[in-house]
Amino acid sequence: MERISSNKRPINPEETTRLLYKNWRERFALPLLIGVLVFGAIVLVPAVGASTSLIVDAIFITAYIITGLVTVIRFSYTVRMSVFLFAVYVLGLGELLTHGVLGDSLIFFFALIVFSTILLSPRAGIVVTAANILTFALFAFLFLSGQLTPLNPFASPAKLEDWFSATGVIVMFGVVVILGFQRLEKEFIEAQRQIDSTLNTLTEERRNLEIKVAERTQQLRQINEIGRHVAGILNPDELLPRAANIIENEFKFYYIAFFLVDLSGQWAELKEATGEAGRVLRENKYRLDINGKNPVAVAIRAKEGQISLDGGSEQMRVDNPLLPYTRSQIALPLIVGESVLGALEIHSTKENAFQPADINTFQNMANEIAIALENSRLFREAQQSLSEMQATQRQYLQGAWQSLTEEKDLVYALGDNDISNGNEIDIPLTLREQIIGQLHLANTVEWTAEQKNLVEAIATQAALALENARLVEESQSIAAREKLANEVISKVWASANMEGILQTAVRELGRSLEASEVEIEISMDGGDSE
């Protein structure tokens, strides 16, 4: 038994309908034959018992036995149905021989047309209808000419009109059944065609959806790859060229450009662009008026991506004389928080390369680049601030140690200075990239690498220890001065009159500073006081 494969569908709706109908008929064949045997046995037993004609009994029994054989033995569907239809035809002939045309034979012949049409095909129904007409014509000739009489002696004699009437009924019902089934088959075919059309549409939509999903997934992968690359770039001068090259390599776009808003907020200056056109525009210091109608200006003002699908228009050729092959264009703002740093402009040689659904996808890429650009700017500012702090610190250290070395002779030596042809090394005492001294060593043998490393490590620790000692001494000196100042101030405030205040101030200053002479004077003439 043939079945429709789920992996390979028929090539057209008619074939589909025929296969479906064939499968239904084949599944219906065995229950039909079994039903015929069961109900045939119920009818056959009383019919044979009541019959007085051995010929009719033989016909009935033979038809039943043949039907039983094709039911039990697995013949092909065509053989089974042919035997079944032949049995029905034989039963009709038996009924026709017994009672003539006025008996029940008409039912069998009509059933024969119905079964042949349904179980085989409308063409088989036409053949059976023609066979029925010929059968009626033959038996009409035999009965009307007297060559054959009904087996039932009590059967009513039929006239020529009765035979024409029976033949007309057979033709009428045969035509109705055959045309009705053909119409039904056409309806099935049309329904199957609509189903196939719907399935094809759904399949096409699903395929297109899968393609779009795959394309969008690829876009997201490429955008994530771009974001991963630019996130690690902390040099603003390197970031934009690198980002433009990555975008060009990933998407194979015609032209990529980065615009940044200047300090005045009126112009968008071209900072980076790809290709020969980009080089020419950069050399000419190309910029756009943010209040203009250019897609880049509109994107910056509106903070939304802008698409120009009519990239091949004459106006676009005039606006971009260096980019004659542009057919599609998209401009995306570089946004960080509420601030717009500039815009990313992308050109493609394909028409309708950018769709509204692509704006959000490419905007994510622009946002990642904008964040990386802002991070690089902040990093540069932090590096600059750190450099300024380090320069200030080095200046402070230089001044502090300069003053200290002028006050004290910080030179210490150990050993014999008169080593002739000795191996000498000089290790600077470095403190936060500021040299505050030097460590000189001399030996009669050559210094090993381990010894040099040890000396360098000790020099580093010595520089730190010296700085700590200086800071301690400086702190102690500041604390002593503050303590002395507090003591003098407290004694001055303890005096009750002006004379006592002046005497206390002179006395305490002279004692604290060990001055040989101290004089204080109150005057409105601008005199000097010591």
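The values are calculated or read from the model by the stated rules, or taken from the named source; none is laboratory data. Since we're looking at a predicted model, the values are computed, not measured. Here Cβ is always computed from backbone atoms with ideal geometry, including for glycine, and neighbour counts include all displayed protein chains.
At a glance:
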read-out: Where a residue in the range 116-129 is of a type in the set (A, V, I, L, M) and its partner, wherever it lies, is surrounded by fewer than 21 Cβ atoms within 10 Å (Cβ to Cβ), with Cβ under 7 Å and at least six apart; value: 118/181; 119/25
read-out: Tally of residues being touching a residue at least 12 places away in the same chain (Cβ under 8 Å) and surrounded by fewer than 13 Cβ atoms within 10 Å (Cβ to Cβ) across the range 445-457; value: 2
read-out: Any hit, the range 390-397, residues being part of a helix (DSSP H, G or I), at pLDDT below 80 and either in contact with a helix residue (DSSP H, G or I) (Cβ under 9 Å, 6 or more places away or on another chain) or surrounded by 15 or more Cβ atoms within 10 Å (Cβ to Cβ) (or both); value: yes
read-out: Any hit, the range 398-414, residues being without any contact (Cβ under 8 Å) to a residue 24 or more places away in the chain, touching a Lys or Arg at 6+ places or on another chain (Cβ under 9 Å) and either assigned to a loop (DSSP other than H, G, I, E, B) or surrounded by 11 or more Cβ atoms within 10 Å (Cβ to Cβ) (or both); value: no
read-out: Residue match in the range 68-76 (condition: of a type outside the set (Asp, Glu), in contact with a Gly (Cβ under 7 Å, 6 or more places away or on another chain), in a helix (DSSP H, G or I) and modelled with pLDDT of 70 or more); value: no
read-out: Residue 4 of a type in the set (Val, Ile, Thr), in contact with a helix residue (DSSP H, G or I) (Cβ under 6 Å, 6 or more places away or on another chain), at pLDDT below 80 and not in a helix (DSSP H, G or I); value: yes
read-out: Output for the range 345-361, where each listed residue is outside any loop (DSSP other than H, G, I, E, B) and more than 14 Å from residue 216 (Cβ to Cβ); value: 345, 346, 347, 348
read-out: Cβ pairs under 6 Å, 6+ apart, first in the range 244-263 and on the phi < 0 side of the Ramachandran plot and in the same structural domain as residue 361 (by TED's automatic domain parsing), second of a type in the set (D, E, K, R) and part of a helix (DSSP H, G or I); value: 256/248
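Yes/no matrix, rows are residues, columns are (1) among the aromatic types (Phe, Trp, Tyr); (2) farther than 16 Å from residue 348 by Cβ; (3) crowded, with 17+ Cβ neighbours inside 10 Å:
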residue: 224; (1), (2), (3): no, yes, no
residue: 227; (1), (2), (3): no, yes, yes
residue: 240; (1), (2), (3): no, yes, yes
residue: 247; (1), (2), (3): no, no, yes
residue: 256; (1), (2), (3): no, no, yes
residue: 260; (1), (2), (3): no, yes, yes
